[in-house]
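Have a look at the structure below, then the notes.
The values are calculated or read from the model by the stated rules, or taken from the named source; none is laboratory data. Since the structure is predicted, the reported quantities are computational estimates derived from the model, not experimental observations. Accessible surface areas use protein heavy atoms only, side chains included; no ligands, DNA or RNA. Shrake-Rupley method; radii C 1.70, N 1.55, O 1.52, S 1.80 Å.
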Amino acid sequence: YLGLSEGDAQRKIATMRLCKAIPEVKEDLNHGKISMTNAAQVQSFFNAEKRAGNELPLEKKKEVLQSVHSLTKSECEKKLIELREKILDDIRSVKSKTDPGFEFLQKVYREDFSQTSILKLKSNFFIK
């Protein structure tokens, strides 16, 4: 009703949520250090990490935000993928020593979870 596409509205909402979590984002947006698209991608990254049980502390979130300053959309995506891999490596180094099923879970986490791969996963484990 505001004349926004669904994508535009979602980016604005994600950016507002990021601003609420990290107030410095408002200043970064005003000074052109980060675009609204990249801010929304960063917020999506934080949400994905939280859903995966890897919620980042505020200082780490600020570091992530700093690392995507002045990047294009595709550069930001690549940087966030690199950061996700680093986070997974850090977690793996700790958990692999204590949880034998952890390596399998990380392999599943990294796969592309399209419906096809989910169905394959279900069929491999539940339908015999």
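With protein chains left intact and a 1.4 Å probe, residues in the stretch 1-94 average 64 Å² of accessible area per residue. Three semi-axes describe the equivalent ellipsoid of the stretch 10-98; taken as square roots of 5 times the Cα gyration tensor eigenvalues and ordered largest first, they are 24, 13, 11 Å.
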